[in-house]
Amino acid sequence: MLLCPARSLFPRQQDREAGGIDDFAGSLLLGGTGDSLLRLEIPEQVYLGLERPDMADIRIFDNEGLPVPFMIRPAADGLREKTITGTWGEDRRSVRYDSGGFYPIREIDFPLPRPDSIEALVKYRFGAEEEWRFAGRISLFRINGGPEGILSSEALAIEVSAPLWELEAAGDTVLSSLPACTIRWAVHELVFLGRGQGPWTLVWGNRDYGPQGGFPPELNVERVEPGQAHPLGLPGYRPRVPVKTPVFADRGSFILWGILILAVLILSGMALYIAKSMRKETS
């Protein structure tokens, strides 16, 4: 269970938290029964937009723009599955995969597309600038036939939320075919205090926001059956960094460039006229 924002149950009496909804890259409006405890299965879009693997950059705001207390916990639905296509590394000895988000992975598998058997190393990292970290060694095989039709290797059990993965052949062997990568990730849900009558805003995507406390220890949330919150719409991602203006986007820059080009043409014409005049005098 993950405990996130630290907030009193009576935050109307306190100052607003520094920053707010506009500090985050993604947002989702939520509806539900007001002034009650609510729960929501975290949509997959959130994992794709997180900037922290610990899900600490998630917040929920009420309709007054004040953060509400919430917690993150595993849902009862178990695991979801996603298949990722890889790209070859050097000399066909490795394959790299990008899940595109910080999924809370519990198992990872590399099903071979055709009969084969190989020993491989599994590595991961959280960003392209980081060094690869060793996750484990796995025996990959696929054999057609037998009572089950196809015999294949088992998944590697691991709890990590890294988006980048690498499968590298062990020893001096190479990969004869390009295996896909299947991740199985744990479904999580938000349990939050639906203060007011809504709507509430779920936001995510700001690495500057770290984990904060949640409900006070005296409040045993597990004793209460939360109501169901539901998405009202996904506004989409809002860039937190202002977009750079193209060179010719404003009229002033366009006029300035026009004057410079005209000046160059005039000078070129004058130089050509003088050169012709000098050739006539010498002849």
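The values are calculated or read from the model by the stated rules, or taken from the named source; none is laboratory data. In this text, all values refer to a predicted model and were calculated from it rather than measured experimentally. Virtual Cβ from ideal backbone geometry, glycine too; neighbours counted across all protein chains shown.
Worth pointing out:
- There is at least one residue in the range 66-87 that is surrounded by 19 or more Cβ atoms within 10 Å (Cβ to Cβ) and of a type in the set (Gly, Ala, Ser).
- Some residue of the range 142-156 being at pLDDT 85 or above and farther than 30 Å from SER36 by Cα: yes
- Inter-residue pairs, beta-carbon under 8 Å, first surrounded by 15 or more Cβ atoms within 10 Å (Cβ to Cβ) and in the range 26-46, second outside any strand (DSSP E or B) and of a type in the set (Lys, Arg), 6+ apart: GLY26/ARG238; SER27/ARG238; GLY34/ARG195
- Yes/no for PHE61 being modelled with pLDDT of 95 or more, crowded, with 17+ Cβ neighbours inside 10 Å and within 25 Å of GLY205 (Cβ to Cβ): no
- Hey, TYR97 in contact with a Lys or Arg (Cβ under 6 Å, 6 or more places away or on another chain), at pLDDT 95 or above, hydroxyl-bearing (Ser, Thr, Tyr) and over 30 Å from GLN197 (Cβ atoms) or not: no
- Only one of ILE183, ILE158, ILE138 that is within 30 Å of GLU119 (Cα to Cα) and without any contact (Cβ under 8 Å) to a residue 40 or more places away in the chain: ILE138
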